[in-house]
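The values are calculated or read from the model by the stated rules, or taken from the named source; none is laboratory data. Nothing here was measured: the structure is a model prediction, and the numbers come from that model. Note: ideal-geometry Cβ built from the backbone for every residue, glycine included; neighbour counts use all protein chains shown. For the accessible areas, the whole protein counts, side chains as well, though only heavy atoms, and no ligand, DNA or RNA atoms are used. Shrake-Rupley method; radii C 1.70, N 1.55, O 1.52, S 1.80 Å.
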Amino acid sequence: MIKKVSVNTIQKIKDNGEKFSVLTAYDYSTAKYFDEAGIDIILIGDSLAMVALGYDTTHQIGVEEMSIFTKAVARGVNRAMVVTDMPFMSYNIDVESALTNVCNMVKFGANAVKIEGCSDYILNVIRRCVESGVPVMGHLGFTPQFLNTIGGYNIQGKSYDATLSILDQARKLEDAGVFSIVLEMVPEESAQYISENLRVPTISCGAGRYCAGQVMVSDDMLGKFSDFKPKFARKYGDMKSLILDCARKYDYDVKHGNYPSAEEVFNLSEDELKQLNLHRVVKNSL
Ligand code: KIV
């Protein structure tokens, strides 16, 4: 039987000084292949707003859309932990609606949720989730849902003071019960220092080599999304070229009568065909 990745698995990996992998996925087949490949955590990131739905920012996606993708991914996964990003404003109005939205994500197949930020209110939401049995992944450094208050896609924790401030936030998240913390767009040295001073594992998203986990947006990793490429994204494939190549070949074959071939169609039985041909002859002789 496959052993499901749990919060304990992730903590053990960190405690043993090992590494774990996190990739985003948004559909059933991709999630299934990532699971088969041994990815430890599959994140339905709200990055899907930009890379899969074509929105300008992650602000435009809501609970309903995230639910659809959560269900699809969860159906494809056996081993990995499935984590859903709580979208913009889905946990910020009040604790009750936050818990309702979180609870729905779990019902749709998430094993945990990710929540950005560290205000007193958010710490309370995290505490209530964990008390209710929902593991929470924190997210500090550059937090895309705060893009407008941060003022741009800016690196965070660039000074000694800023590093200590992120560490202080991370400790509060840890006390509130998160099982891991994403550090996004943080200098490597700052992320290393923060990670060394926490019990829970950190996950680097452009935060260097010293976090226990690494996360990447799968469309960047696969070379599918091409509107822009973050410095920390590494392209392991060129799906854009593959898709263009396949689509062009298909288009050519359709327009030149090469698709479908005789092997790619359904046929009538000989008796049915005889009757049809007879009907054709009678019809033409009238
Ligand atoms: O939305 C997302 O995909 C994320 C990860 C990149 C951490 O938040």
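Projected label points at residue 252 and residue 236, each 7 Å from Cα along the beta carbon direction, are separated by 3.0 nanometres. When the solvent-accessible area of the stretch 242-285 is split by element, carbon and sulfur atoms take up 58 percent of it, the probe being 1.4 Å. Pair-distance distribution of the stretch 242-285: all C-alpha pairs, bin width 10 Å, starting at 0; shares per bin in whole percent are 24, 26, 25, 17, 8, 0. Calculated over the stretch 113-239, the projected area of the Cα convex hull averaged across directions stands at 8.1 nm².
The alpha carbon radius of gyration of the stretch 7-237, expressed as a multiple of 2.2 N^0.38 Å, is 0.92. Per-residue packing, averaged as other Cβ atoms within 10 Å, sorts the ranges 265-278, 141-154 into the order 141-154, 265-278, beginning with the highest. For the stretch 242-285, the per residue solvent-accessible surface stands at 100 Å², with DNA, RNA and ligands left out and a 1.4 Å probe. Pairs spanning more than 23 Å between alpha-carbon atoms, out of 71/172; 71/240; 14/172; 32/224; 12/172: 71/172; 71/240. Above 16 Å, the calculated P(r) of the stretch 1-111 contains 59 percent of its Cα-Cα pairs. Semi-axes of the equivalent ellipsoid of the stretch 182-286 are 61, 16, 9 Å, computed as sqrt(5λ) over the eigenvalues of the C-alpha gyration tensor in descending order. In terms of Cα to Cα distance under 12 Å, which aspartates and glutamates are near enough to residue 4, apart from those fewer than 8 places away along the same chain? Answer for residue 4, where 12 Å is the Cα cut-off: 35, 40, listed by chain and number.
Within the assembled protein chains, the solvent-accessible surface assigned to residue 224 is about 90 Å², based on a 1.4 Å probe.
Restricting the stretch 21-79 to chymotrypsin sites (Phe, Trp or Tyr not before Pro) that sit in a DSSP loop and have at most 15 other Cβ atoms within 10 Å of their own Cβ leaves 55. The stretch 206-241 and the stretch 31-86 have their alpha-carbon centroids 15 Å apart.
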